[in-house]
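Single-structure report; data block below.
Just so it is clear, none of the values below were taken in a lab; they were calculated from the coordinates. All values derive from a computational prediction rather than experimental measurement. Because the Cβ atoms are built from the backbone with ideal geometry, glycine has one as well, and the counts that use them run over all protein chains shown.
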Amino acid sequence: MTGGSRLPGTPDGDGRDAIVLHVDMDCFYAACERRREPELRGEPVVVGMGYDPGESHGAVATASYEAREYGVESAQAIGEALDRLPRRAAAETDPDLDPAATGHYRPVDIDYYESVGEEVKEILHDSADVVREVSIDEAYLDVTDRTAWTVAEGFARHVKNRIDREVGVTASVGVAPNMSAAKIASDHDKPDGLVVVEPGEVRSFLAPLDAGEIHGVGPVTARELRELGIETAGDLAGADPDALEARFGERGAELYRRARGEDDREVTPRGRPKSLSRESAFTEATDDPDRKRERVRTLAEAVADRARRKGALYRTIAIKAVTPPFDVNTRATSLPGPVDDPELVEEVAVELLGEFDDESVRKVGVRVSNLSFAAGEQTSLGGWDGQSAPDGDAERTGVADSFDASDPPELDDDSNGPTDAETDADPAGQSSLADF
Ligand code: DCP
Ligand code: MG
């Protein structure tokens, strides 16, 4: 596929409509917990971030569909979730509690979920020529060259079944001639859904849906649209585009097009990172060389481990040391050839840190870059600052595996996000709606 101007439903140069799959795993973290603890299958499961077993602090990262029945949802405080769905253990001591109306709480184990996510991504890369990984549990596939519209449903079912059988977690899949319709389709029949929207059906599929389901329409925009009498995607598609543009600017025109099923973005590959890094802030700046070294060692080990899981070899090893107030210093060493050598990462990182032995440091980081992959994909050097926001997801509870989870977000460097960073082969992203 070439040229970004092809309209959905408009055949490409080969006379075909694009076939886009959007794959999103069902209650992903909870599904991972169930994979390794099968007794949790069919039970209400809540995965808490910043949560410790038996405690009530933290926030809900996700809840199984059984737990959602009790009103437990992502980003809710664990305390509130416990009010709605007490712990199973509580039923043992409290005879008034019905054990069936209690749930299982587990803390986030991001490393494990990432390894499960990698298994899923392997299948996706095996199924499509172009895969755009959006997050740990979500990706777009362009399979135009792998199947045909007449048999696209069977193709998608095969991908879905492979994930279930080979990885042991379920996915919901949407199939459509463009990305935004595919995403809405995958969400349409969750969990374990498969929804196919054929090229001529996109607009009629969208029409009855709430306008809030259109990619880029958040709760605030949805409210403003309601004030204009626009409730459904069909209302939006039939609205006066000039009025929308007057009210919302260029975005209004884009939402109008999306509601009409028009989305000419091509699926562009993303997912093989340019670099992998991990960083951690001290609660207070420290000049203790041992503390700094120890932290850097732990980060080096984690980064090397991630690289190995992703099948990445690296040629450059770097550290970052943030000195007060906000000076970001990086030091790097390049190797004569690509390696997978965790001990070397640690050794080089500690050596590079030596320069900061006498300095007060408030944050340290370790990065490997100049990555190459076993599959032969070669990428170039990345920076600390290339981490891009996930497509369209306005707010996540984030990945709270930093050493000091209480460290406030900062705007001076790239710390305003997960402490695990993967710089992107496509830092600009491709969706002008992604940042709403
Ligand atoms: N996540 C998080 N904080 C949030 C939302 C999600 O930490 N506010 C994490 C936990 C999820 C994972 O990201 O398991 C994937 O996010 P999804 O939005 O896809 O949610 P789920 O996969 O859990 O559920 P669904 O079945 O609705 O996709
Ligand atoms: Mg999901």
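Which GluC sites (Glu not before Pro) in region 265-303 pass both tests, a DSSP loop state and at most 12 other beta-carbon atoms within 10 Å?
none
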Percentage relative contact order, region 297-359, counting C-alpha pairs under 8 Å, at least six apart: 40 percent
Sequence-distant residues sharing a close amide H with Ile19 (under 5 Å, placed H): Val143, Thr144
Protection proxy ranking of 209-216, 172-179 - average other beta-carbon atoms within 10 Å, highest first: 172-179, 209-216
Inter-part distance where region 15-32 and region 284-320 are each reduced to a Cα centre, Å: 33 Å
Förster radius 35 Å - calculated FRET efficiency between Asp145 and Ala90, Cβ distance, rounded to 0.05: 0.05
Peptide ranges 16-23, 41-48 listed from the most packed, as the mean C-beta count within 10 angstrom indicates: 16-23, 41-48
